[in-house]
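Q: The structure is given below, and queries will be raised subsequently.
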Amino acid sequence: MLNFFSFFFSVTTKFFYLKKFSSLIVYSNPPILPLIPYAFNKLFGTRFIFVAFDIWPDNGLKLNGIKENGIIHKLMDFINKRVYGNASDVILLGNEMKEYVIENEIAPNKNNLRVIPNWFSNESAVQNKKVMNEEFKEIKKEYSFIVLYSGNMGSFQDMETILKGILNFKNHQDVFFIFSGHGNKMNDVKEFLTKNAISNSKVFGFLTGQDYIDALTVSDLCLVSLEKGIEGLGVPSKTYGYLAAGKPVLSIMSSRTDIARDLEQFDCGVNVIQGDITGFEKAINKYYTDPLLQKTASVNARKLYEAKYTKDISVGKYHEMITGKNPNSEKMWRTDYVQR
């Protein structure tokens with residue numbers, strides 16, 4: 001909370017700098033930040049575009065992080081009514097998010113809602129298949145099939161299905177599980193693996209740079225999950241990195257999400273519902289026991305990425321939205337932004 005408000009007041013000191021722009025893009029993190037461009041819109045007619053990475057206050061309420069009808073809940077309702085109603089465009093990361101804000105009457109105007117996914121910014125690195133990290137090299141030598149979970153292991157992620165699912169692969173001679181990231185469930189993951197003496201797995205810290213690229217490179221299947229009922233409140237953007245690297249994806253979430261639909265349409269992964277342990281195990285065995293199928297799914301994953309989720313595609317949509325020009329002929333985009 002201190003970080004939210006300190007950043008908010010830091011940006012207010014940029015008042016005269018921001019005043020020179022005809023359009024502003026604002027993100028939902030921190031969730032009180034959109035009040036600033038809303039004020040500029042009312043004072044100077046400045047156009048602002050709101051990018052919703054999360055749906056506040058609903059995500060806090062779902063996880064019992066804030067009190068219903070408490071101060072934060074009421075503050076966020078106050079902000080939402082003004083931001084969603086006055087933004088020239090509201091960007092949502094997936095169609096399930098768009099459906100959520102419409103069904104829950106968060107957005108008073110359906111016409112300003114647009115779906116533009118995030119993107120993976122280090123695409124060139126995943127094209128280089130050379131592994132630098134010695135530990136990952138050794139894991140790849142010992143195990144023929146590696147499953148990767150990366151990113152947040154927090155309240156929004158269904159880690160229980162994953163952990164129960166890997167019990168039947170306990171100490172498997174060919175299959176290894178890499179966990180990379182952080183979050184309030186990270187210690188639970190470590191304790192589960194230790195308690196059950198699962199030797200063919202390891203929890204790493206939050207990997208960045210070449211170490212993360214190496215983890216992607218050695219992996220044969222990647223995991224992404226959401227807790228039941230969280231769908232529509234956000235989209236796990238790490239999926240785009242998986243696809244950019246040409247990795248089949250095993251997702252654990254509602255079949256109504258864009259990710260689940262894409263995996264089925266492009267035949268590059270499997271989606272299972274939360275708690276479906278048998279489905280989870282079958283999905284891993286599907287690719288482990290059929291290297292040719294795994295290779296085909298890998299090619300299809302890259303095709304999905306190139307068809308829908310490259311940086312050029314998503315940034316191009318922003319470009320066209322702001323300028324009204326077709327971005328296909330544009331080779332560069334210039335962005336001015338406020339740094340803390």
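Q: If you take the square roots of the eigenvalues of the alpha-carbon gyration tensor of region 123-309 and sort them as a ≥ b ≥ c, do you get rounded (a/c under 1.5), prolate (a/b over b/c) or oblate? Intermediate results must be reported in sequence, preceding the final value.
A: Numbers: a/c = 1.28, a/b = 1.04, b/c = 1.23.
Since a/c stays below 1.5, the shape of region 123-309 is classed as rounded.
Q: Step through the table entries Lys137/Lys202; Lys137/Lys247; Lys62/Lys317; Lys130/Lys195, compare each Cα-Cα distance with 25 Å, and write down the pairs that go over it.
A: Numbers: Lys137/Lys202 14 Å; Lys137/Lys247 18 Å; Lys62/Lys317 31 Å; Lys130/Lys195 35 Å.
Correct reply: Lys62/Lys317; Lys130/Lys195.
Q: Follow-up question, since we're still on this one. Please enumerate, by chain and number, the lysines with C-alpha under 19 Å from the C-alpha of Lys20, excluding those fewer than 8 residues away in the same chain.
A: Within the straight-line limit of under 19 Å, Lys20 reaches these lysines: Lys42.
Q: Once the piece of chain linking Asp77 and Met132 is laid out straight, how much longer is it, given 0.36 nm per residue of separation minus the C-alpha distance between them?
A: Details: separation 55, 0.36 × 55 = 19.80 nm, distance 4.83 nm.
Computed gain between Asp77 and Met132 is 15.0 nm.
Q: Count neighbours as other Cβ atoms within 10 Å of each site's Cβ, and list the trypsin sites (Lys or Arg not before Pro) in region 26-75 that are DSSP loop with at most 14 such neighbours. Let's see the in-between values first.
A: Working: sites: Lys42, Arg47, Lys62, Lys67, Lys74; in loops: Lys67.
Passing sites in region 26-75 are Lys67.
Q: Taking 24 Å as the cut-off for C-alpha to C-alpha distance, list the pairs among Lys140/Lys282; Lys98/Lys238; Lys98/Lys308; Lys98/Lys286 that go past it.
A: Working: Lys140/Lys282 22 Å; Lys98/Lys238 20 Å; Lys98/Lys308 17 Å; Lys98/Lys286 33 Å.
Checking Cα-Cα distances, Lys98/Lys286 exceed 24 Å.
Q: Still on this structure: Which option, (i) 20.5, 79; (ii) 21.3, 66; (iii) 26.2, 83, is the value of Rg and Dmax of the Cα atoms in Å that was calculated from these coordinates?
A: (ii)
Q: What trypsin sites (Lys or Arg not before Pro) does region 222-271 have in DSSP loop regions with at most 11 other beta carbons within 10 Å?
A: On the way: sites: Lys228, Lys238, Arg256, Arg261; in loops: Lys228, Arg256.
Passing both the DSSP loop test and the Cβ count: no residue.
Q: Under 5 Å between amide hydrogens, which residues at least 5 positions from Phe120 or on another chain qualify, with H placed 1.01 Å from N in the peptide plane?
A: For Phe120, whose amide H was placed from the backbone, the distant partners under 5 Å are Lys311.
Here, each number is a calculation from the coordinates, and none is a lab measurement. All figures in this text were calculated on a predicted structure; none of them were measured in a lab. Cβ atoms come from the backbone with ideal geometry, glycine included; neighbour counts cover every protein chain shown.
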